[in-house]
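The values are calculated or read from the model by the stated rules, or taken from the named source; none is laboratory data. Because the structure is predicted, anything quoted here is derived from the model rather than measured. Reconstructed Cβ throughout: ideal geometry from the backbone, glycine too, with neighbour counts over all protein chains shown. The area values use the complete protein model at the heavy-atom level, side chains included, leaving out ligands, DNA and RNA. Shrake-Rupley method; radii C 1.70, N 1.55, O 1.52, S 1.80 Å.
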Number of protein chains: 2
Amino acid sequence: MSRAEQKEKTRRAIINAAFQQLSADKSFASLSLREVAREAGIAPTSFYRHFSDMDELGLTLVDEAGLMLRQLMRQARQRIVHNRSVIQTSVETFMEFIMQHSNVFRLLLRERSGTSAAFRSAVAREIQHFCAELADYLRKENKCSAEMALIQAEAMVILVFHAGADALDASDEVRQRITTKTIQQLRWLAGGSKPPAA
Amino acid sequence: MSRAEQKEKTRRAIINAAFQQLSADKSFASLSLREVAREAGIAPTSFYRHFSDMDELGLTLVDEAGLMLRQLMRQARQRIVHNRSVIQTSVETFMEFIMQHSNVFRLLLRERSGTSAAFRSAVAREIQHFCAELADYLRKENKCSAEMALIQAEAMVILVFHAGADALDASDEVRQRITTKTIQQLRWLAGGSKPPAA
DNA sequence: ATTTTCAGCTTACAAATGTACGCCCAATGT
DNA sequence: ACATTGGGCGTACATTTGTAAGCTGAAAAT
């Protein structure tokens with residue numbers, strides 16, 4: 001194996017190790033360099049060959065999470081075409097998605113209001129992308145102003161993300177109820193802004 | 001000073017020390033027993049005379065935060081009577097409140113989706129109280145079902161809390177914009193549910 | 001073929017942490 | 001007046017942490 005390939009491989013091992021350790025009971029902040037190195041199967045000091053410190057690793061994780069968000073958005077859009085309710089389809093897709101990538105989602109959720117300013121703004125940036133895309137869709141669909149569309153999109157994203165957070169630790173049955181509830185909430189938001197004066 | 005009085009005094013010193021150390025860059029999880037003890041002006045081992053461990057202290061903090069939430073609710077209600085818009089008054093009161101008690105609010109915000117299950121459920125309980133009170137108000141005001149009122153209240157609380165989180169670290173000007181935005185979002189929610197079919 | 005590069009290792013150390021153990025002494029109980 | 005209680009302290013120890021220094025061996029460059 002070439003040297004570059006090998007290096008990339010261990011780099012991924014570190015990233016995967018970090019994601020793996022992120023669970024309901026373990027936040028990124030509570031993760032230690034040594035733990036990650038152990039899980040990745042390398043010596044603690046070898047970590048520095050790839051990242052200058054844990055923060056740099058963290059920002060990489062946030063970037064990866066951002067990629068996943070975009071993937072989610074695409075997936076939701078594809079399903080919308082040949083289905084009934086846009087909102088219902090989107091929320092259900094979202095729920096499926098976060099169950100599959102729960103640790104990625106947990107990272108975004110926690111660092112969104114976490115202790116590191118760098119992390120907070122990195123997460124905020126990713127979520128802004130997400131909101132902007134949704135706002136664009138809403139604007140075209142509802143013919144409202146770009147400003148209102150963005151405000152509406154932000155509210156929707158907050159509600160969906162929050163529902164996701166609750167759903168992560170819930171049973172299938174409770175998750176179904178959360179989904180229904182969220183759909184209702186989004187419908188209120190969507191309905192309220194459609195007619196500029198009605 | 002009586003012994004009981006003295007004990008209560010140090011207990012409060014510990015609690016205050018903990019709240020003091022909670023800032024934008026310091027979560028409860030990243031707080032160490034020794035740090036708290038140092039700030040409170042006692043020896044590390046004296047901590048155990050009041051709390052069996054940091055978790056017990058944490059739950060106490062959450063309880064205190066819950067008390068403050070109820071105080072906030074009362075304060076908002078008082079102002080509503082002799083003012084114009086209910087939503088505007090409430091959101092503005094909320095914003096003022098969290099600026100005054102930012103560390104208390106930060107605790108609730110972080111532990112809401114934190115790493116300790118005990119904390120999460122404790123915070124969830126406090127927020128549920130808050131939602132229930134609001135839902136009660138909405139039900140009477142809007143004559144909608146109790147179930148819908150609760151779902152609506154939950155959405156509102158999530159949005160307001162989230163706005164609060166953003167506002168904490170923002171400039172006065174940005175905070176004003178956040179306030180306006182939130183009011184708009186709540187109005188959509190409120191408007192959507194008032195007429196059961198319209 | 002020889003030199004250079006560099007990912008990964010081992011060893012080492014200082015700092016911080018949680019907490020067990022036991023002493024002290026002033027408020028309380030008898 | 002004497003005994004007990006209990007809050008606060010100092011000491012001590014095992015762990016865990018981040019990271020500095022230096023070695024090794026194989027891939028890459030010459």
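Label-to-label distances across copies for B:Glu8, with labels 7 Å out along Cα→Cβ, in nm, shortest first?
Sorted ascending, the copy-to-copy spacings read 6.7 nm.
Once the dipole of the stretch B:1-51 is set up with Lys and Arg at +1 and Asp and Glu at -1 on Cβ about the Cα centre, which of B:Ala18, B:Ala43, B:Ala4 lies farthest towards its positive end?
Checking the options against the dipole of the stretch B:1-51, the answer is B:Ala4.
Take the Cα of A:Gln100, step 7 Å along the line toward its Cβ, and report every residue of the stretch A:163-188 whose backbone nitrogen sits under 12 Å from that point.
In the stretch A:163-188, the label zone of A:Gln100 (backbone N under 12 Å from the point 7 Å along Cα→Cβ) covers no residue.
Ignoring everything except DSSP H segments at least 4 long, calculate the 222 nm mean residue ellipticity for chain A; use -39,500 (n - 2.57) per segment, divide by total residues, nearest 500.
My calculation for chain A gives -26000 deg cm²/dmol from helical runs alone.
From the square roots a ≥ b ≥ c of the eigenvalues of the alpha-carbon gyration tensor of the stretch B:85-198, which class results: rounded (a/c under 1.5), prolate (a/b over b/c), or oblate?
Oblate is the answer for the stretch B:85-198, as a/c is 1.5 or above yet b/c matches or exceeds a/b.
Rounded, prolate or oblate, given the Cα gyration tensor of the protein assembly as shown, with a/c below 1.5 counting as rounded? Write down the numbers at each step before the final one.
Details: a/c = 2.04, a/b = 1.09, b/c = 1.87.
It is oblate, given that a/c is not under 1.5 and a/b is not larger than b/c.
May I ask you to report, in nm to one decimal and beginning with the shortest, the distances from A:Ala118 to the same position in the other copies, taking label points 7 Å along Cα-to-Cβ?
3.3
Could you point to the residue in B:Ala135, B:Ala76, B:Ser145 farthest towards the positive end of the stretch B:53-193's charge dipole, with +1 and -1 charges on the Cβ of Lys/Arg and Asp/Glu respectively?
B:Ser145
When Lys and Arg each count +1 and Asp and Glu each count -1, what net charge do the other residues less than 13 Å away from A:Phe94, Cβ to Cβ, add up to? Display every interim value, and only then the final one.
Numbers: positive: A:Arg74, A:Arg77, A:Arg79, A:Arg175; negative: A:Glu92, A:Glu96, A:Asp166.
In short, +1.
Label-to-label distances across copies for A:Arg77, with labels 7 Å out along Cα→Cβ, in nm, shortest first?
Sorted ascending, the copy-to-copy spacings read 4.8 nm.
I need to check one value: relative contact order of chain A, counting alpha carbon pairs closer than 8 Å and at least 6 residues apart, in percent.
Relative contact order, chain A: 19 percent.
Can you work out the FRET efficiency for the pair A:His82 and A:Lys140, with r the C-beta to C-beta distance and R0 = 22 Å, to the nearest 0.05?
Efficiency for this residue pair is about 0.70.
With helices defined as uninterrupted DSSP H runs, which ones in chain B have an alpha carbon span along their own long axis of at least 24 Å and mean Kyte-Doolittle hydropathy of at least 1.0?
Membrane-span-like by this criterion, though nothing is claimed about a membrane: B:146-168.
Among residues other than A:Arg49 whose Cβ falls under 11 Å from its Cβ, what is the net charge (Lys/Arg +1, Asp/Glu -1)? Mind dumping the intermediate values first?
Numbers: positive: A:Lys7, A:Arg11; negative: none.
My count for the surroundings of A:Arg49 gives +2.
In Å², and per residue, what accessible area does the protein assembly as shown have when probed at 1.4 Å with the other protein chains present?
Ligands and nucleic acids excluded, the result is 51 Å² per residue.
Give me the net charge of A:Ala165's neighbourhood, meaning all other residues with Cβ under 11 Å from the Cβ of A:Ala165; Lys, Arg count +1, Asp, Glu -1.
Residues near A:Ala165 contribute +3 overall.
Quick check: from the Cα gyration tensor, does the stretch B:1-137 come out rounded (a/c under 1.5), prolate or oblate?
Prolate.
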